[in-house]
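Trainee: Here it is, the structure in full.
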Amino acid sequence: MQTDNLNLAVIGLGYVGLPLAVEFGKKRPVIGFDINQKRVTELQNGQDHTLEVSSEELKQAAHLSYTANAEELSAANVYIVTVPTPIDEHKRPDLTPLIKASETIGKTLKQGDIVIYESTVYPGATEEDCVPVLERVSGLVFNRDFYAGYSPERINPGDKEHRVTNIKKVTAGSTPEIADLVDVLYNEIITVGTHKASSIKVAEAAKVI
């Protein structure tokens, strides 16, 4: 399956999104998007205050650019959402960052685009909470005009031994074809391989377990 024509955007440049954007940015064009302009400026200057990624690694990601301007996301056709899902006072996941990210993507979503979520969610959240937002904002129809994927993040902050590239990755897609494409895409950077789940819901459950 060909992935040559995929242009990536990583939404959220925290401890999950930045290492992912850097690894893909070593191989293909990637737009790194964050709503925090200060964070974007820092990365444009070759620094990462979280120390998850070294200055040398940032330099190696020659195809990675950074922006806080959501309009620039229109150049992408694959969006990878890596925003946090904090817990509220009742120990429930707060999906507000995910919903806001979905609204942002919905404004530039085009025919044939794919939105892959990495954020930790309960089983069903991608298709029941996020996809309706994408449909509402874009006016497009899920699994006809655009598609979804899920690949739960498995980053251990501060761990220099277990990095994004050497932790086995679970992948999933909203159709069999998209599942294959998402799996091939992640295999570009995951050196220890991937596990393709039978559905997005199964992949979401794998993260919770």
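Trainee: Is it possible to state the helix-based mean residue ellipticity at 222 nm for the chain, with each DSSP H run of 4+ residues giving -39500 (n - 2.57), the sum divided by total residues, to the nearest 500 deg cm²/dmol? What is it? Kindly include the intermediate steps, with their values, before the conclusion.
Mentor: Numbers: 7 runs with 63 residues, N = 209.
One gets -8500 deg cm²/dmol as the mean residue ellipticity at 222 nm.
Trainee: Here's something else I'd like to know. With every protein chain in place, what's the accessible area of SER74 (1.4 Å probe, Å², nearest 10)?
Mentor: Near enough 60 Å² of accessible area.
Trainee: Describe numerically, in nm with one decimal, the distance between label points set 7 Å from Cα along Cα→Cβ at ASP129 and at ASN187.
Mentor: Label-label distance for ASP129 and ASN187, simple model: 3.1 nm.
Trainee: Considering only protein heavy atoms, what per residue accessible area in square angstrom results for the stretch 1-118 with a 1.4 angstrom probe?
Mentor: On the way: 5630 Å² over 118 residues.
Value returned for the stretch 1-118: 48 Å² of accessible area per residue.
Trainee: Longest span of the chain, sites excluded, free of GluC sites (Glu not before Pro) in DSSP loop with at most 11 other C-beta atoms within 10 Å? Could you put the intermediate results ahead of the total?
Mentor: Numbers: sites that count: GLU89, GLU161.
Counting at most 11 other Cβ atoms within 10 Å as exposed, the longest clean stretch of the chain is 1-88.
Trainee: Separate question: Which pairs, out of LYS100/LYS201; LYS38/LYS201; LYS100/LYS196; LYS27/LYS107; LYS107/LYS168; LYS27/LYS91, put more than 30 Å between their alpha-carbon atoms? Let's see the in-between values first.
Mentor: Numbers: LYS100/LYS201 21 Å; LYS38/LYS201 35 Å; LYS100/LYS196 28 Å; LYS27/LYS107 27 Å; LYS107/LYS168 33 Å; LYS27/LYS91 39 Å.
Flagged as over cut-off: LYS38/LYS201; LYS107/LYS168; LYS27/LYS91.
Trainee: Shifting gears a bit: Separation of the stretch 167-207 and the stretch 90-121 by C-alpha centroid, Å?
Mentor: Value for the Cα centre distance between the two parts: 18 Å.
Trainee: Leaving out ligands, DNA and RNA, and with a 1.4 Å probe, what % of the accessible surface on the chain is carbon or sulfur? Let's see the in-between values first.
Mentor: Working: 5060 of 9740 Å².
Summing carbon and sulfur atoms, their accessible area is 52 percent of the total for the chain.
Trainee: Test of understanding: extend the Cα→C-beta vector of THR50 to 7 Å, then name every residue of the stretch 79-93 with backbone N under 17 Å from that spot.
Mentor: 80-87
Trainee: So, one more: Name the shape class, rounded, prolate or oblate, that the alpha-carbon gyration tensor gives for the stretch 1-94, where a ≥ b ≥ c are the square roots of its eigenvalues, rounded holds for a/c under 1.5, and otherwise prolate holds if a/b is larger than b/c and oblate otherwise. Don't jump to the answer; show the numbers that get you there.
Mentor: Numbers: a/c = 1.74, a/b = 1.27, b/c = 1.37.
It is oblate, given that a/c is not under 1.5 and a/b is not larger than b/c.
Trainee: What shape does the stretch 72-151 have by the C-alpha gyration tensor, where a ≥ b ≥ c are the square roots of the eigenvalues, rounded means a/c under 1.5, and otherwise prolate means a/b greater than b/c and oblate the rest? Before the final figure, lay out each step's value.
Mentor: Details: a/c = 2.02, a/b = 1.82, b/c = 1.11.
Since a/c reaches 1.5 and a/b is larger than b/c, the shape of the stretch 72-151 is classed as prolate.
Trainee: Still on this model: What distance in nm lies between label points placed 7 Å from Cα along the C-beta direction at ASN166 and HIS195?
Mentor: 2.0
Trainee: Residue separation times 0.36 nm, minus the C-alpha to C-alpha distance between ASP180 and LYS100: what's the value? Provide the component values of the computation, followed by the final result.
Mentor: Values: separation 80, 0.36 × 80 = 28.80 nm, distance 2.76 nm.
26.0 nm is the gain from fully extending ASP180 to LYS100.
Trainee: How would you classify the stretch 48-97 from its alpha-carbon gyration tensor, with a ≥ b ≥ c the square roots of the eigenvalues: rounded for a/c under 1.5, else prolate if a/b is greater than b/c, otherwise oblate? Could you put the intermediate results ahead of the total?
Mentor: Values: a/c = 3.15, a/b = 1.47, b/c = 2.15.
Oblate.
Trainee: Can you sort LYS91, LYS168 by 1.4 Å-probe accessible area, starting with the largest?
Mentor: Values: LYS91 165, LYS168 100 Å².
Putting LYS91, LYS168 in descending order of accessible area: LYS91, LYS168.
Trainee: Okay, next question. Over the heavy atoms of LYS201, what accessible area does a 1.4 Å probe trace out, to the nearest 10 Å²?
Mentor: Accessible surface of LYS201 is approximately 100 Å².
The values are calculated or read from the model by the stated rules, or taken from the named source; none is laboratory data. For clarity, every value in this text was computed on a predicted model and none was experimentally measured. Every residue, glycine as well, gets a Cβ built from its backbone with ideal geometry; the counts of neighbours run over all protein chains shown. Calculation scope for accessible area: heavy atoms of the full protein, side chains included, ligands and nucleic acids excluded. Shrake-Rupley method; radii C 1.70, N 1.55, O 1.52, S 1.80 Å.
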